[in-house]
Amino acid sequence: MHYLIRTAMAAAAVAALALGGAVPAQARPVTEVRSSIVHPDSAATVPYPEGFDTVGPRLRVATFNASLNRPAPGQLALDLDSLVDPQAQAVAEIVQRNAPDVLLLNEFDHDAEGTAEEGFRDNYLARSQRGQAPIDYPYMYLAPSNTGIPSGADLDRDGVVGGPADALGYGDFEGQYGMVLYSKYPIDTANVRTFQKFLWKDMPASRLPTRHYDELVRGVLRLPSKSMWDVPVRVGGQTVHVIAAHPTPPVFDGPEKRNQARNHDEIRMINDYLGGAGDYIYDDAGKRGPLAPGSNFVVLGDLNADPRSGDSSPEAIRALLENPLLVDPLPAVPRAAGDPVRGLAGITRNVLGTADFGQGSAGVLRVDYVLPSATLPVRGSGVYWPAAGQDGADLVSGWPPPSSDHRLVWVEVSLGN
């Protein structure tokens, strides 16, 4: 996450779990479904390994914390109005190399008009980057989040009301660290559900630190640090619900561990929404209840929690990964045949890592997830992290890398006939 790297908080973030967990911001719902400028047949598909089954309908879904955030409102939209922003070029090339059908970008500064989102799509994804085939995403979803919205309270107890740490979700301005969903397939906008305004106090048996937040604060404090979305995507005659989120990083707090607790409960809310324990959940339109039983879904996002390492409370992410309604495909960094410790794995011993926050193996964590429902058979998965010397390695090398400190994660599923 480039923003935190540029600040004095970087050193603490490296030692802690998730630099990639800052958040977005908006004040009112926005839904955008607009035409793209590239023909659908221009999209590339990454070749499959020899012997891989390619028969039947398939859907490739990816998540990428792209670190496309800027320190001032409107700056990202201005940068993406050109064709030569080097970070946007690197991020777009990574997307083109992996060619997902549905793509969630975290840490993408949002504006209500969708200017930045359209600029990235039309000026970068839809144009070839270093010879890669451009991608057409005719459909796009964006909506507000809690980042940068003033809470009116001293949430961090520093004696001053105001600033990014006192916003409903961490952010210097409304829209910072947002998210956007791109799709090659139509979005069923009439049935989208968003959960931006769900109050933390309304989660039963939550970890809300009541000694830190008084009753007045608890009456306004929302659980999602950005938002949670349920975006139905129509693929042929089937619907796949994209459950998108970006929980807060479980660090940058005090002994009360308010961010660690929030991260835990944001992930728990995702898990509860999938079924069984989600009757308490209400969306921004007032509709209550979880996802309908038997639905096809894919959970996407930077969840800022590693089940084995880092500073999160691992119970929530472990419970999500063990939910029998979904499958964890265990996307891994590619390895050469017969060499299980080649490249990154040889340095970190963590082939499931999706982000590199520095300090060698201690900074490599699995925090980005693509988790399809058990109704969607998995055909393949991966983490885009080429080893030194491999084609494309320059896109993820160095500190900070030219793209992001996170890596794109993809999963391909079968949709059936």
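In the condition set (1) under 25 Å from P204 (Cβ atoms); (2) among the basic types (K, R); (3) surrounded by fewer than 22 Cβ atoms within 10 Å (Cβ to Cβ), R268 is compliant with all but (3). Beta carbons closer than 6 Å, at least 6 apart along the sequence or on distinct chains, pair a first residue in segment 205-234 that is without any contact (Cβ under 8 Å) to a residue 60 or more places away in the chain and over 17 Å from D253 (Cα atoms) with a second that is among the aliphatic types (A, V, I, L, M) and part of a strand (DSSP E or B) for M228/A245. Pairs linking a residue in segment 274-288 that is more than 20 Å from L325 (Cβ to Cβ) to a residue that is open to solvent by 30 Å² or more (accessible area, probe 1.4 Å) and in a loop (DSSP other than H, G, I, E, B), with Cβ atoms under 7 Å and 6 or more positions apart or on different chains, are D284/P29; D284/K197. Kindly check whether there is at least one residue in segment 94-107 that is more than 22 Å from A244 (Cα to Cα), out of contact with any Leu (no Cβ under 7 Å at 6 or more places or on another chain) and open to solvent by less than 30 Å² (accessible area, probe 1.4 Å). The answer is no; no qualifying residue exists.
Looking at Q260, Q238, just one residue is farther than 30 Å from A165 by Cβ and either open to solvent by less than 40 Å² (accessible area, probe 1.4 Å) or among the polar types (S, T, N, Q) (or both), and that residue is Q238. Taking the conditions exactly as written (in contact with a Pro (Cβ under 8 Å, 6 or more places away or on another chain), open to solvent by 10 Å² or more (accessible area, probe 1.4 Å), free of Cβ contacts under 8 Å to residues at least 24 places away in the same chain and not hydroxyl-bearing (S, T, Y)), does D311 satisfy them or not? Judged against the criteria, D311 is not a match. Considering only residues that are among the hydrophobic types (A, V, I, L, M, F, W, C) and assigned to a loop (DSSP other than H, G, I, E, B), look in segment 104-137 and name the one that is farthest from L80 (Cα to Cα). Applying the filter and picking the extreme gives A133. Of all residues in segment 351-374, those satisfying the criterion of being modelled with pLDDT under 90 and either closer than 27 Å to L59 by Cα or among the hydroxyl-bearing types (S, T, Y) (or both) are V351, S361. Within the group Q129, Q176, which residue is at pLDDT 95 or above and more than 30 Å from D214 (Cβ to Cβ)? Unique residue meeting the criteria: Q129.
The values are calculated or read from the model by the stated rules, or taken from the named source; none is laboratory data. The structure presented is a predicted model; accordingly, all values stated were derived computationally and were not measured. All Cβ positions, even for glycine, are placed from backbone atoms using ideal geometry, and neighbour counts span all protein chains on display. Note: accessible area is taken over every heavy atom of the protein model, side chains too, but ligands, DNA and RNA are not part of it. Shrake-Rupley method; radii C 1.70, N 1.55, O 1.52, S 1.80 Å.
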